[in-house]
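The structure appears right after this line, and notes come after that.
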Amino acid sequence: MTTSAEPTCVVVMGVSGSGKSTVAGALADRLAWPMAEADEFHPAANIAKMSAGTPLTDADRAPWLAAIRDWITDRAAAGESTVVTCSALKRAYRDVLREAGARVRFLHLRGAAEVIGERMRHRSGHFMPPSLLRSQFDTLEALRSDEDGVAVDVTRAPEVIVEEAVTRLGLDAGRPPASRVPPRAPHSETPRKQRS
């Protein structure tokens with residue numbers, strides 16, 4: 001069971017359109033943990049590339065992953081466990097996040113390309129076009145047996161996914177409420193949005 005003496009970060013991972021923001025928000029509320037959206041850490045150049053339908057390279061992702069890792073570390077240093085959304089598609093990307101000063105665990109929202117593609121076609125206001133979904137699935141590396149995390153079916157209701165995550169990851173839902181902390185945005189002068 002996770003305790004307040006052992007800062008933990010649950011990274012809600014998966015391809016774009018898998019429901020990371022919805023599930024992470026519900027999980028953060030369930031646990032009363034601060035939450036950050038990984039999209040807020042992207043430099044403007046990354047946003048521009050994805051908006052134009054160009055997949056990011058590993059070099060593009062490096063500073064983004066480092067910024068997320070540093071945010072997790074900063075919150076852990078303050079004694080706070082956290083929830084973060086991040087695609088974390090490759091093992092190597094997850095290894096960067098595991099360098100944070102917390103126990104980093106993963107909740108993979110897993111679903112068929114057809115299901116997630118349909119979701120993407122019906123959402124608005126996000127920079128990631130549906131045309132990039134195939135490249136994300138091509139990049140995706142499933143959690144391995146030696147990684148600290150679980151995979152859940154995205155077709156289930158968010159509240160069901162959250163309860164399954166709390167149970168399977170052994171998370172402590174009894175901590176006192178924590179204030180929501182907006183993520184640092186070191187590559188952008190103005191955060192695109194903050195979750196309150």
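Values in this text are rule-based calculations from the coordinates and carry no lab data. Just so we're clear, the structure is a prediction, and the values are computed from it rather than from any experiment. Reconstructed Cβ throughout: ideal geometry from the backbone, glycine too, with neighbour counts over all protein chains shown.
Could you give the alpha-carbon Rg of segment 8-168 over 2.2 N^0.38 Å, rounded to two decimals? Display every interim value, and only then the final one.
Numbers: Rg = 14.7 Å, N = 161, 2.2 N^0.38 = 15.2 Å.
Scaled against compact globular proteins, the figure is 0.97.
Across segment 59-75, the residues whose backbone nitrogen lies under 20 Å from the label position 7 Å along the beta-carbon direction of residue 90 are 59-70. Simple spin-label estimate for residue 103 and residue 135 gives 3.7 nm between the two label positions (7 Å along the Cα-to-Cβ direction from each Cα). This model, with +1 at the C-beta of Lys and Arg and -1 at the C-beta of Asp and Glu, gives segment 8-168 a dipole about its Cα centre of some 220 debye.
Between residue 163 and residue 22, what FRET efficiency follows from the Cβ-Cβ distance if R0 is 22 Å, with the result rounded to 0.05? Don't jump to the answer; show the numbers that get you there.
Numbers: r = 14 Å, r/R0 = 0.65.
That pair, residue 163 with residue 22, gives E of 0.95.
Subtracting the Cα-Cα distance from 0.36 nm times the residue separation, let me have the gained length for residue 153 to residue 30 in nm, one decimal. Spell out each step's value before the answer.
On the way: separation 123, 0.36 × 123 = 44.28 nm, distance 1.91 nm.
Taking 0.36 nm per residue and subtracting the Cα distance, the gain is 42.4 nm.
Ranking 161, 117, 72 by how far each Cα lies toward the positive end of the dipole of segment 8-168 (charges on Cβ) leaves 117 at the top.
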